[in-house]
Structure formats: structure tokens, C-alpha cells
Amino acid sequence: MAELKELQTRIVNTRQERGFVTDPLKLQIMLTEEVGEISAELKRLWSKNYDDFSKERVASEIADTFVLLSALASEFDIDLESAVETKFFKSDSQRTWVSAEAVDHES
């Protein structure tokens with residue numbers, strides 16, 4: 001399996017080969033659309049108005065979302081792996097999480 005940085009580079013290169021858009025505003029709009037498609041798939045979990053939920057369909061939409069998020073990050077030379085490490089595992093580790101405190105008190 002590819003490292004995240006390598007995968008991000010492959011995504012940029014493949015999107016470039018296919019002539020896909022790189023404008024950050026357009027990428028954000030497309031990303032928002034894909035997040036909506038994830039929501040539409042998840043709605044199938046409870047709504048009787050749609051076909052049954054499909055893990056494969058939601059996986060496909062999550063993949064589309066990841067590709068566009070990666071493309072958007074790359075347009076600003078953001079290394080996703082470093083950004084996640086810094087924000088989620090370092091900066092956020094210093095915060096007090098009420099949800100975590102609630103779990104501790106329930107035990």
C-alpha cells in the first residue's frame with residue numbers, strides 16, 4: 001500500500017493526465033458535491049424511499065471525496081500526512097475533549 005504522500009502525488013499526476021480541473025474554487029464545489037453524495041448513500045440506511053444501502057457505493061463516494069480533498073490540498077502544496085499529524089495528533093491532543101471526559105465518567 002502506498003504511503004499517503006505518494007498517494008497524494010499519484011492523485012495529482014493522474015488528475016493532470018486526465019485533464020481534470022485544478023482551480024481550488026472548482027475543487028471545493030466538487031468536494032462539496034461528493035460529500036452530499038455520501039450523505040445520499042447514508043440516507044439509504046433508514047429511508048424506505050430508496051434502494052438498500054450499499055457499502056460499495058458509499059466506499060466509492062468516500063474515495064471520490066478523498067481524491068478531491070487531496071487535489072485541493074495539493075493546489076496549496078499541503079502535505080496531507082503532515083497536516084493531519086500536526087493538527088489531529090499534536091495540536092488537538094492538547095485540547096480537553098468533553099466527549100472523552102463523558103466516556104471516562106461512564107466507565
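Read the figures in this text as sums done on the coordinates, not as results from a lab. Keep in mind the model is a prediction, meaning the values are calculated, not measured. FYI the Cβ positions are ideal-geometry reconstructions off the backbone, even for glycines, and counts take in every protein chain you see.
Shown here for the stretch 45-107: trypsin sites (Lys or Arg not before Pro) in loop regions (DSSP other than H, G, I, E, B) with at most 11 other Cβ atoms within 10 Å, namely K48, R95.
Could you pull out every residue, at least 5 positions away or on a different chain, whose amide H is within less than 5 Å of the one on D79? Hs are placed 1.01 Å off N in the peptide plane, and Pro or chain starts have none. Under 5 Å from the amide H of D79: no residue qualifies.
Considering only the other residues whose Cβ falls under 15 Å of the Cβ of E41, what net charge follows from Lys and Arg at +1 and Asp and Glu at -1? Mind dumping the intermediate values first?
Working: positive: K43, R44, K55, R57; negative: E33, E34, E37, D51, D52, E56, E61, D64.
Summing Lys and Arg as +1 and Asp and Glu as -1 gives -4.
Derived scalar couplings between HN and Hα for the stretch 44-60 equal 5, 5, 10, 7, 7, 7, 10, 4, 5, 4, 10, 4, 5, 5, 5, 4, 5 Hz in order, rounded to whole Hz, by the Karplus curve 6.51 cos²θ - 1.76 cosθ + 1.60 (θ = phi - 60°), x for Gly and Pro. Across the stretch 4-81, the mean sequence separation of Cα contacts (distance under 8 Å, 6 or more residues apart), normalised by length, yields a relative contact order of 47 percent. When the convex hull of its Cα atoms is viewed from all sides, the stretch 4-81 shows a mean projected area of 5.8 nm².
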